[in-house]
Amino acid sequence: MSISPSVSIEGARELLRDLGMDDERSNERSAMVFLALARLKPGDSWEEATNEMYGTRAIMDWIAEAFGVEYKPNTRETVRRFTLHQFVQVGIVEENADDPTRPTNSPKWNYRLTSDALDLVRHCGTPWYPTQLNLCLDGMTTWVEYASERREMAKVPVTLPDGTEVRLSAGGQNVLIKAMVEEFCPRFAPGGQVLYVGDTSKVNETIDAATLERIGVRLPERGKEPDLIVWREGKGWLYLMEACSTHGPVDVTRKHELINLFGDCGHDLIYVSCFPSRKVMQGYLGDLAWETEAWCADTPDHMIHLDGEKFMGPY
């Protein structure tokens, strides 16, 4: 939290980091944009900062004059979208202070430092900077907090059979895994305990280590485990389930691999290939191993048993 009394790009970067900006919003480009708004150049004193209103073109012209960095006209949108927009969102820059009703396509659209940001800049390099920084941060949601909140909102919420909610990373096959937990389990593994839920990012995996240890099941090394493991206590059944939206199903090779990984646990193993739809499943039908199950999220009440003799008979 110590900034040199003399203006520099590194000093501006440090200030932006203190304000809770991420790497993109505290890089050299963002630091020069911030200094352009304060009308400061290297070697100036921070207390010389001002907060006049400038358009994007004027900001880029100042950067060229003060720092010798020439931005091409087509980078103007980069400055707007990846620096100014975030400065505005956290409240250190305001748009169109002279006319808040200005149309978004107006050539007069402009930006300026807020009064709190200006006060902070003018206190850089002084003993009062930490106090001014705390005043500036008071009640402010930083960009790092915004980004973290956005990532959290984008996650896939999954409710386990016991009512516990876990959140998986957005994207990949996690939407299918959600259906496997919330739609498959109540229908075909009633009362089952979810012991392991894989995650696309490998960050938000859910593991019931206590139950795994109690029933003598050991998870294999990372990358070998199925996407979902469910334990049905009353039956002594261990469901080993694969999400087949981006990866393959339980084919002959994968089935033998799962047998080698879990076959010595002493429980009956059930192998289930799960698909988002029957259309997706069609591409894999020829690969599915016998004595396994196939389930499609778009028809959740039905199961395909890849075995004739065991389930043959009238309904």
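The values are calculated or read from the model by the stated rules, or taken from the named source; none is laboratory data. Everything quoted here is computed from the prediction, not taken from an experiment. Positions of Cβ are backbone-derived with ideal geometry, glycine not excepted, and every protein chain shown enters the neighbour counts. These accessible areas exclude ligands, DNA and RNA; they are computed on the full protein's heavy atoms, side chains included. Shrake-Rupley method; radii C 1.70, N 1.55, O 1.52, S 1.80 Å.
Tabulated data
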quantity	calculated
Subset of segment 206-249 [within 18 Å of residue 175 (Cβ to Cβ), open to solvent by 20 Å² or more (accessible area, probe 1.4 Å) and of a type in the set (Asp, Glu)]	227
Breaking point among (1) open to solvent by 40 Å² or more (accessible area, probe 1.4 Å); (2) in contact with a strand residue (DSSP E or B) (Cβ under 6 Å, 6 or more places away or on another chain), for residue 81	(2)
Helices (runs of 4 or more DSSP H) completely within segment 175-266 that count 1 or more residues being within 18 Å of residue 295 (Cα to Cα) and touching a helix residue (DSSP H, G or I) at 6+ places or on another chain (Cβ under 9 Å)	252-262
Cβ pairs under 8 Å, 6+ apart, first in segment 283-307 and farther than 21 Å from residue 237 by Cβ, second of a type in the set (A, V, I, L, M, F, W, C) and in a loop (DSSP other than H, G, I, E, B)	284/244
Segment 285-297: number of residues that are open to solvent by less than 80 Å² (accessible area, probe 1.4 Å) and assigned to a loop (DSSP other than H, G, I, E, B)	3
Which numbered condition residue 53 misses (of (1) open to solvent by 80 Å² or more (accessible area, probe 1.4 Å); (2) over 32 Å from the mean Cα position of the chain (by Cα); (3) more than 21 Å from residue 10 (Cα to Cα); (4) not basic (Lys, Arg))	(1)
Residue pairs meeting the criteria (Cβ under 7 Å; at least 6 apart or on separate chains; first open to solvent by 50 Å² or more (accessible area, probe 1.4 Å), in segment 116-143; second modelled with pLDDT of 95 or more and in a loop (DSSP other than H, G, I, E, B))	122/49
